């Protein structure tokens, strides 16, 4: 699979995956989605990876959306199939065994906002704008936006943004809970790398289990979530990283985690 529209950089532990179609504001066409899915499959199997940062090339856009030129002439069946392709890519991103950080450096609209929503954390430049404007095209979000946005900011706020297509700036994104924090555009990647370094220093299996406990519990009764938490706590206690973490604490030194 060609990586014409992707660039992967960084150390073994922290990688930066950049969407590189700046002349199209990094819009996601079919080729980019296919390359992204293939790259994510490879990264998912990489034991050295601890954190993945996702961003867009240039200063104008993270990802401005899907490539609208590919929508013309779609039949209903083709449109549904197209949506399922995008959903599969973003599901793969969300299910990576490591935390992911969307470094949103500009417009994150439509499919770009949906891409960011599939990441564990979202950091926004103070110049960023986010939104799901699909209703202006006579469409609805199709790459997971109707589901993930409501889970991120609540039903009423999500309905307002989706039905009106209104875009939000960086400060409002943080107030809504759509983003973790806003930073000056010039320091966005520094902030993403700093957060990634914090995460990479933690026990990888523990991070994975914590995310699994939250993902599997928040939409279920509390008792079910607590049962899942206890089960995963037990699994974490069986890891070499847990033993190393406890020893390091007792010996007053920095733990060295291996992901086992």
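A few remarks follow.
- Some residue of segment 245-253 being crowded, with 16+ Cβ neighbours inside 10 Å, assigned to a helix (DSSP H, G or I) and modelled with pLDDT under 95: yes
- In the set 167, 157, only one residue is in contact with a helix residue (DSSP H, G or I) (Cβ under 9 Å, 6 or more places away or on another chain), free of Cβ contacts under 8 Å to residues at least 24 places away in the same chain, buried (at least 16 other Cβ atoms within 10 Å of the Cβ) and assigned by TED's automatic domain parsing to the domain that holds residue 147; that residue is 157.
- Test: residue in segment 2-15 that is surrounded by 13 or more Cβ atoms within 10 Å (Cβ to Cβ) and closer than 18 Å to residue 179 by Cβ: no
- Residues being surrounded by fewer than 18 Cβ atoms within 10 Å (Cβ to Cβ) and under 11 Å from residue 98 (Cα atoms) - total across segment 35-62: 5
- Only residues that are touching a helix residue (DSSP H, G or I) at 6+ places or on another chain (Cβ under 8 Å) and at pLDDT 90 or above were counted across segment 211-223, and they come to 2.
- Single residue of segment 91-115 satisfying the filter (assigned to a helix (DSSP H, G or I) and touching a residue at least 60 places away in the same chain (Cβ under 8 Å)) that is nearest to the chain's Cα centre (by Cα): 115
- The set of residues from segment 113-146 being surrounded by fewer than 18 Cβ atoms within 10 Å (Cβ to Cβ) and either out of contact with any helix residue (DSSP H, G or I) (no Cβ under 6 Å at 6 or more places or on another chain) or outside the structural domain of residue 57 (by TED's automatic domain parsing) (or both) comprises 135, 136, 137, 138, 139, 146.
The values are calculated or read from the model by the stated rules, or taken from the named source; none is laboratory data. Just so you know, these numbers come straight off a predicted model, no measurement behind them. All Cβ positions, glycine included, derive from the backbone under ideal geometry; neighbour counts span all protein chains shown.
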